[in-house]
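Read the structure below first, then the notes.
The values are calculated or read from the model by the stated rules, or taken from the named source; none is laboratory data. No experiment lies behind these values; they were computed from the predicted model shown. These area figures cover heavy atoms from the full protein model, side chains too; ligands, DNA and RNA do not enter into them. Shrake-Rupley method; radii C 1.70, N 1.55, O 1.52, S 1.80 Å.
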Amino acid sequence: MNALDAVIVDVNGHFWTYLLIPLVVGTGLYFTIRSRALQVRLFPEMLRVLKDKSGTATDGGKQVSSFGAFTISAAARVGTGNIAGVATAITLGGAGAVFWMWLMAVIGAASAFVESALAQLYKVRNPDGGAYRGGPAYYMQRGLGKRWMGVLFAVTITVTFGFVFNAVQSNTIAAVASGSVHGGDASWFPKAVGLGLVVLLGLVIFGGVRRIATVTQWLVPVMAVVYLLLGAAVVALNIGDVPRVFADIVGGAFGFREVAGGALGAAIQQGIRRGMFSNEAGLGSAPNAGATAEVSHPVKQGLVQSLGVFFDTLLVCSMTAFIILTTNPQLSGRQGADLTQTALTHTLGGWAGHVLTVVVFMLAFSSMIGNYYYGESNIAFMTGGRADRKWVLPGYRVLVLAVVFLGALGSVSVVWNLADVFMGFMALVNILAILPLGVIALRLLDDYQTQRRAGLDPVFTRDRMPELTGVECWAPAARATGADTGACAGSGPGGTRPAEDAAELAAAR
């Protein structure tokens with residue numbers, strides 16, 4: 001097993017260092033330049049559209065709101081990687097890894113915008129008339145005309161998120177809970193944790209995407225606030241160390257000592273890899289959640305998902321970094337969640353370790369919900385949207401629950417490294433798709449900004465870009481009255497906007 005792990009680590013290192021990291025960074029820079037740094041100049045607009053109500057469905061509440069889609073993607077983004085992953089990056093790459101994690105978030109937010117806007121444009125409605133579904137597999141088939149590429153991506157994300165990442169999350173919950181509970185029998189405790197997770201997750205995933213959105217809509221804010229309050233307390237009690245921490249982060253990213261010692265490369269690699277693992281910008285996972293939203297323009301969800309990258313990395317990951325670096329700068333030979341837990345108890349006392357156990361549970365459990373949905377969405381792609389009428393979707397749910405139980409029982413070192421390989425391959429396939437399709441996302445952005453400058457709440461209908469093929473939803477106003485049932489009729493206000501508003505839209509083109 002150790003030999004296999006060593007081979008996987010070696011392959012993974014070469015794959016990321018020489019292929020994926022240059023491609024990820026280059027893609028983010030390309031979209032940043034082409035969009036004139038939309039992730040910076042449109043930040044206030046991101047906050048505005050997060051609360052947007054203009055896309056609220058009129059079909060009895062079957063659709064997911066923009067904020068609901070944000071929380072589904074945030075549930076998968078904000079997981080144990082924000083606690084264990086950041087700690088590992090600092091252990092292996094030093095404080096400088098945090099700077100490269102920040103930089104990756106800023107650059108990657110442009111890629112996150114492109115992939116989520118495309119997912120909205122090429123989304124489809126479920127055959128039962130329920131929630132939308134979409135993602136990279138859908139825009140690979142409908143935008144590029146390459147179904148084989150979509151199937152390849154769908155298989156990869158289903159295995160990576162539905163199985164591998166969920167096993168990692170359940171294992172982390174069991175490990176932290178075992179470290180927090182004293183006097184228990186170690187042989188039965190992980191099994192009890194695993195069984196409890198199976199019951200809780202089963203109640204959610206058998207309820208459908210709307211229940212997923214409902215659960216995560218309150219769970220993500222709660223877990224984020226609790227963890228950020230803990231971190232703020234640690235930073236406040238160590239406020240005198242904050243200037244030193246900033247100096248360590250910047251110095252570790254560019255310092256001569258790091259260059260001479262070969263640590264600079266480790267800082268860059270760990271920062272970028274763990275940054276992508278955490279915020280998923282360009283990975284192709286968040287667009288699966290972004291496509292479920294009911295919005296009036298695809299750009300709105302693209303902006304919301306860019307905001308999710310900032311929320312994950314610049315807030316949650318940064319808090320972990322400051323918890324560790326203000327209390328335990330020598331790292332004490334610890335790694336992962338144990339390092340973060342030690343830093344918290346060092347400053348706040350033993351009770352903080354128990355609170356972190358609860359936080360880790362909420363982070364990991366919400367990630368498991370989001371991870372499951374990504375697999376469900378892509379299984380629907382592979383089966384034509386009718387997986388729930390066969391044995392496929394029930395079988396997938398049972399397998400996910402089995403993996404969650406098994407993941408709680410033991411070490412998953414090989415699984416973590418395999419997850420890096422699968423994640424890297426998934427990102428590679430997705431980036432090869434969004435590079436040629438990115439010009440469409442940028443045209444959508446131009447259309448959105450034109451309408452905003454005209455004082456309108458932007459609405460997109462597919463007749464605004466009539467040369468596009470493969471767009472199922474976004475019916476023109478004249479056809480979104482119910483007569484064209486195959487065109488996602490009623491997809492946002494674009495199907496119900498008054499004629500005088502339609503005239504204003506035409507003038508704004």
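The table for this structure:
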quantity	calculated
Accessible area in the full protein assembly, largest first, 1.4 Å probe, for Leu401, Leu363, Leu315	Leu315, Leu401, Leu363
Phi to ³J(HN,Hα) by Karplus 6.51 cos²θ - 1.76 cosθ + 1.60 over segment 351-368, Hz, x for Gly, Pro	4, 5, x, 5, 4, 4, 4, 5, 4, 4, 4, 5, 4, 5, 5, 5, 5, 4
Span from the segment 6-34 Cα centroid across to the segment 101-118 one, whole angstrom	15
Which of Asp457, Asp446 is most accessible, then next, and so on - probe 1.4 Å	Asp446, Asp457
Length gained when the stretch Leu19-Leu203 is fully extended (0.36 nm per residue, less Cα-Cα span)	62.2 nm
In Å², nearest 10: area of Arg443 left accessible to a 1.4 Å probe	100
